[in-house]
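Everything on this sheet refers to the single structure shown next.
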Amino acid sequence: MARVLAGTAAALFVLALATPALAQDGGQSIKGKMEFIDGDVRQPVEGVEILVLHDGTLVASGVSDAAGDWEIPVPPGTYRVEIVLESLPEGVGLTDPGRQVLPEVVVRDGQAKSVRFALGPGLTSDVGTWDRAAGLFVIGLKFGAIVALASIGLSLVFSVTGLVNFAHGDAVTLGAVAAFYFNASNAWPGLHWHILLAAIPAIALTAAFGGAQELLLWRPLRKRQSSLISMLVISIGLAFTMRYLILVFFKGLPRPYTNYVIQDNISVLGVSLVPKNLVIIAFTVIVLAAVGLFLQRTKLGTAMRAVADNPDLSESSGIDVNRVVLVTWVVGSGLAGLGGVMFGISEQVQWDMGFKLLLLIFAAVVLGGLGTAFGAMVGGFVIGVAVEMSTLVVPTEFKTVIALGVLVVMLLVRPQGLLGDRERIG
Amino acid sequence: MDVVKVLIDATRAAVGIPAAAFALSSIGLNLQFGYTGLLNFGHVASMLVGAYGMAITVEMGGSLWLGIPIGVLCAVMLGLLVGAPTLRLRADYLAIVTIAAAEMLRLVVRSSLAAPLTKGIFGIQAFADEFFALNPIPNGYYGIGRLRFDARGVWMMLVGWAVVLLAIAFIHRLTASPWGRVIRAIREDEDAARSLGKNVFGYKLQSLMIGGAIGALAGMVLAIDQQNVTPDNYIPLLTFYAFTIVILGGPGTLWGPVIGSVVFWFLFELLDGIMTAAVVEGWFGSLLGASDIGPLRFALFGIGLMWLMAFRPQGIFGTREEMLIDGR
């Protein structure tokens, strides 16, 4: 009897080994599990169709089985994987409508590549355009909040110094990466703080870095009366230095924080959304309101606006311009760091995440009016919403193109931006 | 550490194809930035359209020799398209628009919508057989001591550097002409040039288009050598290679881009060789691994660009102080 049991166990063991081996036997594949998740309810979804495209042509398709599993053998390469929405049963929909299509699934030699489509209630297959639009609007607001946070610093620094800081995107990365080391890194310092706590030292570090930049680099350059063009090129050099040093230390793989990685959707006013998005939006609105009050109501904020308006006049009326510029750098970089942490919570932490955001930041500040803090806030939200909502009509891969298109068109029709004053920019 | 090997590798890079291609690219950028004062942060776009214009022509059944003028024409059109609406903007706005336009172009080229024409992220390969079929150099290796190139490399280098020389001759004629004096006047003082009745906008546009055409040739030289174009080769980093080279050699000088490119690639490879050797010898301990050399090299590149622009904006050999250009 014991022998039979042992034999069965051995056979099962071999089978268990063989199953993944089978997948590799025929070469490579793309696979996944269709699972409906609603709170504590998890159940497999059968009969969901998946399409695999290469170069715009259909190469293979598959259907999920009774256990929700599906596997499609393919040669190595990069594929576009789509889920057929019509094949979803009633009451089941994608949790993230932006991920109906995975445009770039890379399958390496001998790899059984897992991809995940998150299924849940709410946005069902027969979801109306309005519901989908509402869902995308919330995602757009979240993304806009991140862009707005990151944009204010660029706009403020421009307003007081006239410098368009190309290294600002990498300040965003710095914030996200610093928070990672306090939150998720097992190496130094190994603290494993909650991400909201880890954000505090990360923001402080980014703000301090902004201040150090001003003291050690930009102020001496201004003193030597360096031209605007040289400072632009220097900020590019700084951007490369920061980005690639971060790559050396952080390495190339994207990594998530330990908190808020996967969240179940909730339904608010009929719109299905991830709670962390709401938190990001709410928190950002509070911070933006605080920045607004700081600029409008405090002495320092007023001084900042005065320097932005006319540095010489402010200096002669007793404002310490250098101090104001320093504060601007510290505040602006700190906000960028906060934006980075939010971006990291929303997606993942990656060495070039800030650079990818930089062009959207440019779009936001130009849209709102370069040099106006409130314009950057408005521009950030408009860009975020426009980028996400655009996926209703254009493929997802054109998201950034849309934002850059907005930037170019804005410069042509109203270069001073939505909230900017008319001045000579030609 | 094998010092000789490191030096030979660096020398090979300094006379090789990337150096020739980036000399050419920088000659184009130098016309825009050095002579005219245009802050074109999207120069890589002209390399992209040049290479793609050529590759797509061949892919659609045309000849490579038809593809080259088509690529140049595409770059000229791009200059017109980007320049016409944006050249009235101030320098910093121009920088933002051009870098945005170049990224937009790259994203569109790699999209699945454009894939029927551009082959998306996979790009187009093996389109330059006609060029290598003309290679008159017999098979074998040529060079001095351990610094040797095969027949294909020699042929590619000969043509590449010949194009560089032609471009230099062209720029020499161009900048010595009244046209050249006007664009330098625009760089020094746009309003003064305008008050003399010069159509500043028209001159800037012409400079952008001609510089773009030269950039397109550079893109083609690189693409022909690799027999490959993929959209993700044309990242903004390439533009800033060219900027560094122009500043290194001295903006607004005839031979600056050529000298700059040779020096740049020599230093770039030298750094790589020294750091790789240092990792092998274990000088960095566990701090840095072999995979960190690439990123570290780019970080040092950034520091170099900052240092140059801050302390030697006139280039390593330049003496003139006229490079204190201001966009405001």
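Values quoted throughout were computed directly from the atomic coordinates according to the rules given, and no laboratory measurement underlies them. Every value quoted in this text rests on a predicted model; they were computed, and no experiment measured them. Here the Cβ positions follow ideal geometry from the backbone for every residue, glycine too, while neighbour counts run over all protein chains shown.
Would you be so kind as to identify all helices of chain A, as entire DSSP H runs, whose Cα atoms reach 18 Å or more along the helix's own axis and whose mean Kyte-Doolittle hydropathy is at least 1.0?
Those that pass (Cα extent of 18 Å or more, hydropathy at least 1.0) are A:2-25, A:129-161, A:195-213, A:228-250, A:275-297, A:321-346, A:353-368, A:373-389, A:399-413.
What FRET efficiency comes out for the pair B:Tyr141/A:His192, r = Cβ-Cβ distance, R0 = 45 Å, nearest 0.05?
Values: r = 58 Å, r/R0 = 1.29.
Efficiency for this residue pair is about 0.20.
Can you sort A:Thr298, A:Thr258 from fewest to most other Cβ atoms within 10 Å of each residue's own Cβ? Before the final figure, lay out the partial values.
Details: A:Thr298 11, A:Thr258 15.
Fewest to most other Cβ atoms nearby, the residues stand as A:Thr298, A:Thr258.
Among the complete DSSP H segments of chain B, which ones combine at least 24 Å of alpha-carbon extent along their axis with a mean Kyte-Doolittle hydropathy of -0.5 or more?
Numbers: long enough: B:64-86 (33 Å, 2.00); B:91-110 (29 Å, 1.29); B:151-176 (37 Å, 1.58); B:200-226 (39 Å, 1.20); B:256-281 (37 Å, 1.52); B:293-311 (26 Å, 1.67).
Those that pass (Cα extent of 24 Å or more, hydropathy at least -0.5) are B:64-86, B:91-110, B:151-176, B:200-226, B:256-281, B:293-311.
Please order B:Ser111, B:Ser291 by the number of other Cβ within 10 Å, starting at the fewest. Show your work: numbers first, answer last.
Numbers: B:Ser111 20, B:Ser291 13.
Least crowded to most crowded, the residues run B:Ser291, B:Ser111.
Grab the Cα-Cα distance for B:Asp189 and B:Met77, subtract it from 0.36 nm times how many residues apart they are, and report the gain in nm with one decimal.
Details: separation 112, 0.36 × 112 = 40.32 nm, distance 2.73 nm.
Result: 37.6 nm gained on full extension.
In nm, what is the difference between 0.36 nm times the number of residues separating B:Ile235 and B:Ser286 and their Cα-Cα distance?
Values: separation 51, 0.36 × 51 = 18.36 nm, distance 3.13 nm.
Once the chain is fully extended between B:Ile235 and B:Ser286, it gains 15.2 nm.
With label points built 7 Å along Cα→Cβ from the Cα atoms of A:Thr298 and A:Glu46, find their separation and express it in nm.
Those two pseudo-labels are separated by 6.3 nm.
Could you give the length gained by full extension between B:Arg181 and B:Trp307, i.e. 0.36 nm per residue of separation minus their alpha carbon distance, to one decimal place?
Working: separation 126, 0.36 × 126 = 45.36 nm, distance 2.99 nm.
Full-extension gain reported as 42.4 nm.
Using Cβ counts within 10 Å as a stand-in for footprinting exposure, how do B:Tyr241, B:Tyr203 rank, fewest first?
B:Tyr203, B:Tyr241
Between A:Arg99 and A:Val268, with labels modelled 7 Å along Cα→Cβ, what's the label distance in nm to one decimal, could you check?
So the label points at A:Arg99 and A:Val268 sit 2.0 nm apart.
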